[in-house]
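The values are calculated or read from the model by the stated rules, or taken from the named source; none is laboratory data. Since the model is a prediction, treat every value here as computed from it, not as a measurement. When we count neighbours, we look across all protein chains shown, and the Cβ atoms used for this are built from the backbone with ideal geometry, even at glycine.
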Amino acid sequence: MPEGLIIDDLHLSLRAPAGVSSGSSARPVLSGVGLTVAPGEFVALVGASGSGKTMTALSVLGLLPPQIQAASGSITLGGTDLLAASGAALNRLRGGRIGMLYQQPKRMFNPRMTVGSHLAEPLKLHRGLRGRQARAQALELLTSAGFEDPERVARAYPHQLSGGMAQRAMLAVAMAGQPELLLADEPTSALDKVLERQILELIDTQRRQHGLGVLYITHDLATVSAFADRVVVMDAGRVQEEGPARSVIGAPQTACARELLEACALTRRRIVVAGEALGLGPSRDILALDGVTKRFAKGRGAKPALKDVSLSLREGEILGVLGQSGSGKSTLARLLVEVEAPDRGSITRKLRAGDGKNDGGSAGSGVPGTGVQLVFQEPHDAFDPRMRLFDSLEAPLLRQRTGTADGRRERIQQAVRDVELDPDLLDRYPSQCSGGQLQRLTIARALLLDPAVLICDEATSALDAVTQRKVLDLLLRLHRDRQLSLIMISHDMNVIRYMSHRVAVLYQGALVELAGTSEFFANPRHGHSKELVAAARAHPAACAAPVACSDLAACAHRMLGANVAGGRPGTSRSLELVSARDA
Amino acid sequence: MMLFLARRTAALVVAVLLASFVVFLIPYVTPGDPVRKIIRSRVAGDAIDDSAVQALTAQLGLQDPLWTQYLRWLGRFASGDMGLSYTSRTPVVDQVLPALWVTLSLVVMTLAVAALIAVILGIAAALNEGRAADKAITAVSQAFIAMPEYWLAPMLVLVFALELSVLPSAGWEGPTSAVLPVAVLALRPASHFTSAVREGMLDALGADHVTAARGRGLSYFHTVRKHVIPNGLLPLTTLAAVWFAGLLGGSVIVEVIFAIPGMGRLLFDGVLNSDIPLAQGAVVVVVGLAVLLTTAADLVHGLLNPQVRMRHA
């Protein structure tokens, strides 16, 4: 009898949702996925969002969303055919022979029930334990999930648990049925590095003790590599690469595996492409703040959100604005797009050459106030959930009161292609898109009005590492192709370092430092800047396996090539490679 | 929890006092001199003696400052003395209490029927989302929510009392007399509840923890029973309390049409006859009860939600 989990040539397809006009009736979600997890083996399933990892896991449990169906292929666990299993047989498998961990552990608990009652369910269903026996077993499970006070945790409601606690409690629930296979769907993506390591170690202990097969889904190739026996890389619904963890990370064979590693490298501070505007020349200021103060709370002692900030943005520049939450970053963005007006000081806008002072921001679009556009942090909140994406993108164009419906459609489709998306997506509703797709659409929507300045307020903070990297590279390309000036607002040092020509640091509403990027990172002057840079350096290099030098170089060359190929005269970018040892 | 209760009780008292003051002011802002009205209701003929007016004004204490009158009125009210009805010349309390009992039974029956229908139909609709059953239930409940009582009541009387002669057309004696009024009153809350239960159930069905429950091996039936229905019915508790408060005053039309001796009927008569003590007594009791019920609903909702319960523990 074959042992462990065997997925063979699995095809999943999506039935077109009702009301969405789509040419093909069944789009493939997975195309011929094959992978195995032997008993006691730790397999990492790695891929960017939308690559089909989660669907692979859900098809093992038989919990696919109703619009997705298995077209062909087979899934067996210890010889049992899971695709052909009856409802009752599947119920015995779920939680019994297969345990599952999820990405958002707190949302996976019923808010009205204690952790203990969640544990009682699988104990009763799969092991026939009730009453005192079940309680004792529940406490034991919580103890082995790393809780020192299992009784208190058993009595706790989900809202009383932190994210890390909830995931450990979920591990206890998953182990309650003594499974032979654990499916972990990005269980640590929402947790910080310390907690991530803790969860991984707990899973690893359970694997060693119980001979548990683990299928660990993640987009973070680096962290999981210390634990995984094998790595399976997925992209676009296919398995692209498979092999021992060491070889996949050491010498990735496929483009998508390299891409995942590069994304990991960005967050790991391994590679830095600092884009200093060395030869920017006598560029003029297109936005200038002079002594701007803004306060929201009235009354004495109320601290202003921004105080006496003087700052300018040069044409064609990428200005990074660093600061912790509450430092006034978003207030700055709101002032620049004229959602708020300054209490004191002035903001000068000369968005096109020859513009007068304070032209109200009317740039190419002709609609006042559209020359500076804003991209927000939460892409799902930036669209009306009840409007088709096409209508959301058309709304700002309708304000111009010019052009025909066909003309608008053409412009919108072009803008969507510009952000590297398929215009077919426009027929969907926001809930039917991924965060990365929506963030590209917010950028497309902003670009439709042909702004001179694009402000990205934590625009990639809500995205996974791979998607973040892709969106950042898209912004760099748009910056180059369209002479777009960018203001990147972020608390993420790496994003700022990766993107900016100059860095401005806001601290408690005041501008405390403004410097060229490499100068800033080499020699921060203000106390707060020093702290920020030191914290970024002190961060442990969690990338367990070294990235092959050739890949670092290849990646660097790709970036350099892109910049040189499309670079404007007089603009060059310095390229810096910082090895792990330096950082 | 105690602090939470104390705060809610304080808010409740303030609300009732405010309402009572407004009610107290009614005779002062309505056109016409109540003293003359009282006398006119007692004396035949058009001529009213000015000295009689003055005497009655003094007797009722109407020459005192407004706030003295209010405090006196409030004090009497609090001790259960709602004054004498101008028309029947009997204590208002003796009319209000039996009427309150009638209205409460009518409203409780109405809500029970509405909730029962809503739970059955709402759950059925949600579990069959998008199918014919769901569409039919949704369409019917939306049609009924727009059906006014003053139209529906005569229609039902025409059919069941006059044509078929199976139910009494009016009065409040025996269980059969309650059928038509309850049916008329329950229709709109039942429609409203049904859509609320359907929405609540759909939210509960789509929750991530339901997927997780299935992932633990719970059957569909078990998951729905244990994790979906209790969570999905939560919104109904608040909604039912709001309707309870609303129906206490809102049963006027039905009580008048079916000649039911309830609070609505009493209020209607009080206003129609300018019987101010009667109207005041009825309104304050209805308002007080409505405020009390809304507060009770908040408490119940809090008790059912561990997150709220713990925050105030």
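Listed residues B:143, B:133; which is more than 19 Å from the chain's Cα centre (by Cα), hydrophobic (A, V, I, L, M, F, W, C), over 20 Å from residue B:202 (Cβ atoms) and in the same structural domain as residue B:185 (by the TED database)?
B:143
What's the number of the condition residue A:154 fails, among (1) out of contact with any Gly (no Cβ under 6 Å at 6 or more places or on another chain); (2) more than 13 Å from chain B (Cβ to nearest Cβ); (3) over 26 Å from residue A:39 (Cβ atoms)?
(1)
In segment A:503-517, what count of residues is obtained for those that are surrounded by 22 or more Cβ atoms within 10 Å (Cβ to Cβ) and assigned to a strand (DSSP E or B)?
5
For segment A:93-107, how many residues meet the condition of being in a helix (DSSP H, G or I), at pLDDT below 90 and at the interface with another protein chain (Cβ under 8 Å from one of its Cβ atoms)?
To start, the set of residues in segment A:93-107 that are in a helix (DSSP H, G or I) comprises A:93, A:105-107.
In the following step, the residues that additionally are at pLDDT below 90 were identified as A:105-107.
If we keep only those that are at the interface with another protein chain (Cβ under 8 Å from one of its Cβ atoms) too, we end up with A:107.
Residues in segment A:93-107 being in a helix (DSSP H, G or I), at pLDDT below 90 and at the interface with another protein chain (Cβ under 8 Å from one of its Cβ atoms): 1 in total.
Looking at A:177, A:237, A:146, which is the one that is within 14 Å of chain B (Cβ to nearest Cβ) and touching a residue at least 12 places away in the same chain (Cβ under 8 Å)?
Answer to the selection: A:177.
Of all residues in segment A:181-198, which are crowded, with 24+ Cβ neighbours inside 10 Å and either modelled with pLDDT of 90 or more or assigned to a helix (DSSP H, G or I) (or both)?
Result: A:182, A:183, A:184.
List the helices (runs of 4 or more DSSP H) inside segment B:1-94, counting only whole elements, that have at least 3 residues being loosely packed, with under 12 Cβ neighbours inside 10 Å.
B:2-29, B:50-60, B:66-78
Select from segment A:27-47 the residues that are of a type in the set (Gly, Ala, Ser) and surrounded by fewer than 24 Cβ atoms within 10 Å (Cβ to Cβ) and list them in ascending order.
Of everything in segment A:27-47, those that are of a type in the set (Gly, Ala, Ser) and surrounded by fewer than 24 Cβ atoms within 10 Å (Cβ to Cβ) turn out to be A:31, A:32, A:34, A:38, A:40.
Residue B:303 fails exactly one of the following numbered conditions: (1) more than 14 Å from chain A (Cβ to nearest Cβ); (2) without any contact (Cβ under 8 Å) to a residue 60 or more places away in the chain; (3) aliphatic (A, V, I, L, M). What is the number of that condition?
(1)
Return yes when residue B:228 is under 20 Å from residue A:118 (Cβ atoms), more than 8 Å from chain A (Cβ to nearest Cβ) and under 31 Å from the mean Cα position of the chain (by Cα) and no when it is not.
When the stated conditions are applied, residue B:228 passes them.
From the residues in segment A:408-433 that are closer than 15 Å to residue A:386 by Cβ and of a type outside the set (D, E, K, R), which one is farthest from the chain's Cα centre (by Cα)?
Ranking the qualifying residues of segment A:408-433, first place goes to A:429.
Going residue by residue through segment B:212-219, is there one that turns out to be on the phi > 0 side of the Ramachandran plot and of a type outside the set (D, E, K, R)?
Within segment B:212-219, one or more residues are on the phi > 0 side of the Ramachandran plot and of a type outside the set (D, E, K, R).
Given B:275, B:269, which one is more than 14 Å from chain A (Cβ to nearest Cβ) and surrounded by 21 or more Cβ atoms within 10 Å (Cβ to Cβ)? Give the derivation first.
Working: B:269 fails: surrounded by 21 or more Cβ atoms within 10 Å (Cβ to Cβ).
Within the list B:275, B:269, the selection yields B:275.
Going through segment A:119-137 one residue at a time, which ones are more than 8 Å from chain B (Cβ to nearest Cβ) and within 20 Å of residue A:185 (Cα to Cα)?
Taking segment A:119-137 as the starting set, the residues that turn out to be more than 8 Å from chain B (Cβ to nearest Cβ) are A:119-120, A:123-124, A:127-137.
Passing the criteria: only A:119.
Give the residues of segment A:77-90 that are touching a residue at least 24 places away in the same chain (Cβ under 8 Å) and at the interface with another protein chain (Cβ under 10 Å from one of its Cβ atoms), sorted by residue number.
Residue satisfying the conditions is A:90 alone.
Quick one: which residue in A:49, A:74 is part of a loop (DSSP other than H, G, I, E, B), more than 15 Å from residue A:215 (Cβ to Cβ), in contact (Cβ under 8 Å) with a residue 24 or more places away in the chain and not assigned by the TED database to the domain that holds residue A:436?
Exactly one residue qualifies, and that residue is A:49.
Under 8 Å by Cβ, and 6 or more places apart or on different chains, what pairs join a residue from segment B:21-33 that is closer than 18 Å to residue B:78 by Cβ with one that is among the aliphatic types (A, V, I, L, M) and in a loop (DSSP other than H, G, I, E, B)?
Note: no pairs meet the criteria.
Name the pairs whose Cβ atoms lie under 8 Å apart, with the first residue in segment A:156-173 and touching a residue at least 40 places away in the same chain (Cβ under 8 Å) and of a type in the set (Phe, Trp, Tyr), the second assigned to a helix (DSSP H, G or I) and surrounded by 20 or more Cβ atoms within 10 Å (Cβ to Cβ), and 6 or more positions between them or separate chains?
From residues that are touching a residue at least 40 places away in the same chain (Cβ under 8 Å) and of a type in the set (Phe, Trp, Tyr), the pairs are A:157/A:115.
Please find, among A:417, A:477, A:440, the residue that is part of a helix (DSSP H, G or I), free of Cβ contacts under 8 Å to residues at least 12 places away in the same chain and in contact with a helix residue (DSSP H, G or I) (Cβ under 8 Å, 6 or more places away or on another chain).
A:417
Taking the stated definitions as given, is residue B:234 over 21 Å from residue B:123 (Cβ atoms) and either surrounded by fewer than 20 Cβ atoms within 10 Å (Cβ to Cβ) or touching a residue at least 40 places away in the same chain (Cβ under 8 Å) (or both)?
So residue B:234 does not fit the description; no.
Yes/no matrix, rows are residues, columns are (1) at pLDDT 85 or above; (2) surrounded by 20 or more Cβ atoms within 10 Å (Cβ to Cβ):
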{"residue": "A:59", "(1), (2)": "yes, yes"}
{"residue": "A:66", "(1), (2)": "no, no"}
{"residue": "A:75", "(1), (2)": "yes, yes"}
{"residue": "A:88", "(1), (2)": "yes, no"}
{"residue": "A:91", "(1), (2)": "yes, yes"}
{"residue": "A:109", "(1), (2)": "yes, yes"}
{"residue": "A:123", "(1), (2)": "yes, yes"}
